[in-house]
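Readers should treat all values here as calculations from the given coordinates under stated rules, not as data from a laboratory. As the structure is a computational prediction, the values presented were derived from the model and not from experiment. All Cβ positions, even for glycine, are placed from backbone atoms using ideal geometry, and neighbour counts span all protein chains on display.
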Amino acid sequence: MQIDIETSDFPVTEALRDHAERQLLFALTCCGEHIRRVVMRLSDVNGPRGGPDKRCRLRLKLAGLPDLVVEDTQTDLYVAIDRATDRTGRTLVRKIGRRQTLLRHVGLLVSD
């Protein structure tokens, strides 16, 4: 799984990169064979004005499925990363399950 972390208007610290990668691996490891690439885009929406303006946007390029995009905005960037990765993992499991159910119904997937 290829992970790219992009930011606008601020540098990525080593601690932030480690946290983001750890959260992604934890949330997405179960479905890793379905993921080609993960792009995490971190931004500060309001700049120095403050408020709930730290955004984490995840785009997953998937094998055999449409791209998955999830974003979350919080006052703390670490919290935004945590929430976005958690939701992405749950959504991906649901999408893969639906695809496998559909394939079983049309007879394209043989169960063990």
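Couplings 3J(HN,Hα) for segment 68-74, derived from phi with the Karplus relation 6.51 cos²θ - 1.76 cosθ + 1.60 (θ = phi - 60°), are 10, 10, 9, 9, 8, 10, 9 Hz, where x marks Gly and Pro.
Between 0 and 90 degrees, the angle of helix 77-105 with respect to the longest Cα principal axis of the chain falls at about 10 degrees.
Once Rg and the Kirkwood radius are both taken over the C-alpha atoms of segment 2-105, their ratio Rg/Rh works out to 1.02. Dividing the helix sum by the residues of the chain, where each DSSP H run of 4 or more adds -39500 (n - 2.57), gives a mean residue ellipticity at 222 nm of -13500 deg cm²/dmol.
The order of the peptides 92-101, 35-44 by mean Cβ neighbours within 10 Å, most packed first, is 35-44, 92-101. For the chain, the longest principal axis of the C-alpha atoms and the axis of helix 14-28 are separated by about 20°. Taking each residue as 0.36 nm, the span from Asp4 to Val106 lengthens on full extension beyond its C-alpha to C-alpha distance by 33.1 nm.
Take every Cα pair under 8 Å whose residues are at least 6 apart in sequence, average their separation, divide by the length of the chain, and the relative contact order is 22 percent.
Rounded to the nearest 20, the size of the Cβ-charge dipole of the chain about its Cα centre is 580 debye, with Lys and Arg at +1 and Asp and Glu at -1.
Have a look at the DSSP beta bridges in segment 1-100 and tell me what percent are antiparallel, nearest 5. List each step's numbers first, then the result.
Numbers: 16 of 22 bridges.
Counting only bridges with both partners in segment 1-100, antiparallel ones make up about 75 percent.
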